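These notes are about the structure you will find just below.
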Amino acid sequence: MKLTHIFTALVLVTFLASCGGDEKKGTEEKVTLGSKKSTKKDANKVNLALTGNDLMKFDKSEFTVKTGQEITLTLRHIGKGDIKIMGHNFVLLKEGVVIPAFAAKAAASGQKEDWIPEGGKDVIAHTKMLGGGQSTSVTFTAPAAGTYDFVCSFPGHSGLMKGKFIVE
């Protein structure tokens with residue numbers, strides 16, 4: 001009987017000694033001398049995202065960037081509308097361009113010109129026109145400090161699909 005108690009105590013002590021402890025397994029990170037992990041972002045490059053939907057709305061109405069930055073704007077049309085009925089684009093207008101006047105010229109320019117009038121003389125940057133489910137990107141350099149308008153130039157959309165592009 002005593003032997004059974006001693007054996008049980010010994011098993012219990014062994015069990016307790018093997019559990020717990022502060023040892024952490026599997027969380028070690030290997031570091032090779034002379035190597036660097038680079039998480040530094042290029043402050044001169046900015047990625048912006050914008051979506052448009054079948055309710056003629058952009059998901060953002062304002063962007064703020066710094067002058068001279070390289071901007072890559074990705075536009076996604078998250079609706080289902082066909083490009084000929086519910087097409088969307090992103091058009092960054094030059095400072096001082098009046099939206100209704102630009103929109104009238106865009107409508108007159110037609111689908112053949114991708115709804116960008118006069119060869120884009122009033123435009124800093126623009127994407128191509130998209131139909132539902134499509135996406136595209138445009139890369140450009142942020143202009144001088146100021147507040148610029150952006151719109152969708154598809155006929156009738158600029159009244160709702162517009163915003164401010166602020167350059168500091």
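Each reported figure results from applying straightforward, stated rules to the coordinates on display, with no laboratory input. From a predicted model like this one, the values you see are computed outputs, not experimental measurements. Reconstructed Cβ throughout: ideal geometry from the backbone, glycine too, with neighbour counts over all protein chains shown.
Scanning segment 129-168 for residues that are surrounded by fewer than 18 Cβ atoms within 10 Å (Cβ to Cβ) and in a loop (DSSP other than H, G, I, E, B) turns up G131, G133, Q134, A144, A145, P155, G156, G159, L160, E168.
Checked against (1) in a strand (DSSP E or B); (2) touching a helix residue (DSSP H, G or I) at 6+ places or on another chain (Cβ under 6 Å), L50 passes all but condition (2). Applying the set (1) in a helix (DSSP H, G or I); (2) touching a residue at least 60 places away in the same chain (Cβ under 8 Å) to T72 leaves exactly one unmet item: (1).
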